[in-house]
1. For chain B, what is the relative contact order in percent, using Cα pairs closer than 8 Å and at least 6 residues apart in sequence?
2. Below 8 Å between Cα atoms, with a sequence gap of 6+, how large is the relative contact order for chain A in percent?
3. For segment B:211-224, in order, what is each residue's ³J(HN,Hα) by Karplus, 6.51 cos²θ - 1.76 cosθ + 1.60 with θ = phi - 60°, in whole Hz (x at glycine and Pro)?
4. Using only Cα atoms, locate the centre of segment B:79-107 and the centre of segment A:38-96, then give the distance between them in Å, rounded to an integer.
5. Rounded to the nearest whole Å², what accessible area per residue is found for chain B with the 1.4 Å probe?
6. For chain B, what does the helix formula give at 222 nm: sum of -39500 (n - 2.57) over DSSP H segments with n ≥ 4, over the residue count, nearest 500 deg cm²/dmol?
7. Amide H of residue B:20 versus every other amide H placed in the peptide plane: which residues, excluding those fewer than 5 positions away on the same chain, fall under 5 Å?
8. Would you work out which of A:146, A:164, A:127 lies farthest towards the positive end of the dipole of segment A:127-170, given +1 charges on the beta-carbon of Lys and Arg and -1 on that of Asp and Glu, about the Cα centre?
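The values are calculated or read from the model by the stated rules, or taken from the named source; none is laboratory data. All figures in this text were calculated on a predicted structure; none of them were measured in a lab. Neighbour counts run over all protein chains shown; Cβ positions are idealised from the backbone, glycine included. For accessibility, only protein heavy atoms count, side chains too; no ligands or nucleic acids. Shrake-Rupley method; radii C 1.70, N 1.55, O 1.52, S 1.80 Å.
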Amino acid sequence: MKTTLTVNGETHELDIDPRVTLLDALRHHLNLTGSKKGCDHGQCGACTVLVNGRRINSCLALAVMHDTDEITTVEGIGTPENLSPLQSAFVRHDGYQCGYCTPGQIVSARGMLSEFRQGWPSHVSDSLTEAPDFTDAEIRERMSGNLCRCSAYPGIVRAIRDAAPEETDGKEAAE
Amino acid sequence: MKPFDYIRAETPADAMRADARIIAGGTNLLDLMKLQVETPSTLVDVTRLGMTEIERAENSTRIGALVTNSDLAADPTIRQRYPMLSRALLAGASGQLRNKATTGGNLLQRTRCPYFTDISQPCNKREPGSGCRAQGGYTRLHAILGASEHCIATHPSDMAVAMRALDARVEIESNDGATRILTFDEFYNLPGDTPEKETNLAPGELIVAVHLPDPPAGRQTYRKVRDRSSYAFALVSMAAAVAVEQGRIASAAMAFGGVAHRPWRSPDAEAALVGREPSAELFDEAADILLADARGQGGNDFKIPLTRRVVKAVLTELTGA
């Protein structure tokens, strides 16, 4: 089935089986292997991408359902020569060990920070009506959809906290 | 995944085909299709049909079926007037899943009973008449209320529990042009001898919205007890609204998750609270009524005392007793 995906600002025309997940389209059809396949069931978060500015699990999405959507993968967040603030903070704070969950952590953190800046409450927010404080408890709760089997969580939380003030893609999660 | 025909609905009528399996967020359905628990032959994508508005009307709020769980939880009206619903949504799943999961899809999500999701096992819900291996097996997540000899599965939603406490109704359109509006108890079935028939949604029907009446009087909350503090299904959850006037309970609404095949409510337990002074003894009395017919399966026996403790904790919090 003919499908147009805009990935990291570049438009791609694909002709794919409707069973192909967005994750497999990115990895196998577009050779963007930054997004990882961990559990393939929406439980680990390694496949997290942004769709129209919002983070989702790309393993639980059909590529054909995202025709004409704008997708951002970790490759669109920074490059080895030009790391984003989140990426360099993960390096600085040892926010990984094996690194397999890291792209998902970084993309998820980008989406999470956008949600936070819009004042979305979380399960651990004391108030639903006042802007939440940017505490470690908030970061942990909001990042609970990203697992790290090496358990690098302390470094991940520090990295996100440190990068938060500078990390923005200039546009917030779509309304 | 088994092959299927993919149709992108351009109009609601496209989605009301009798043979359609509807996909919206897909977070539960695609998971089950990968496991071949679900093997639809025709998948109809409804995500381009709009239905993403939250509209405030006189005496009610109408939530479009495709409003995402994230948008619903963050909506200013929901946060201010229906805080138990925001809290329930935020207690469910993860940020990524809430961004995709929809209101209609959340209502229709399937049980996480591990025997239902394992196609090598018999399951009356997946394959009617094949048996229930959960009974006598691993039952930590299973029902203590309203179960049958054919099925002891629980409904996994947090959102639906809060909506049940709020007396929400489901707006359904059908391919013959009719619209019907069902209460949650009309919409959801108990397992009985047809556990595969989870709802009264008929082929050719489409959920288009959920209606919330004006919020109940008093304070609201949602309490969820689970095996880890985030991103896990409820062992027991409770959505409640309680109003206290002149030292007595004026009204009480309580719905429970993790304990039954559908969000559970006990009108008798609520009635027992009304007109009485809040106290630990009174809350125990309400829990006695709620749990009078509760039955454990072994691995979930703990849910009976746990539900009682949740009732007492939530009512204490809401009444200040």
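1. Working: 718 pairs, mean separation 55.2, N = 321.
For chain B, the relative contact order is 17 percent.
2. Details: 320 pairs, mean separation 42.0, N = 175.
In percent, rounded to a whole number, it is 24.
3. 9, 10, x, 3, x, x, 5, x, 8, 10, 7, 9, 10, 10
4. Value for the Cα centre distance between the two parts: 22 Å.
5. Details: 12500 Å² over 321 residues.
Per-residue value: 39 Å².
6. Numbers: 12 runs with 88 residues, N = 321.
After summing the helix terms and dividing by the residues of chain B, the value is -7000 deg cm²/dmol.
7. When sequence neighbours closer than 5 places are left aside, the close amide H contacts are B:204.
8. Ranked along the dipole, the leading option is A:146.
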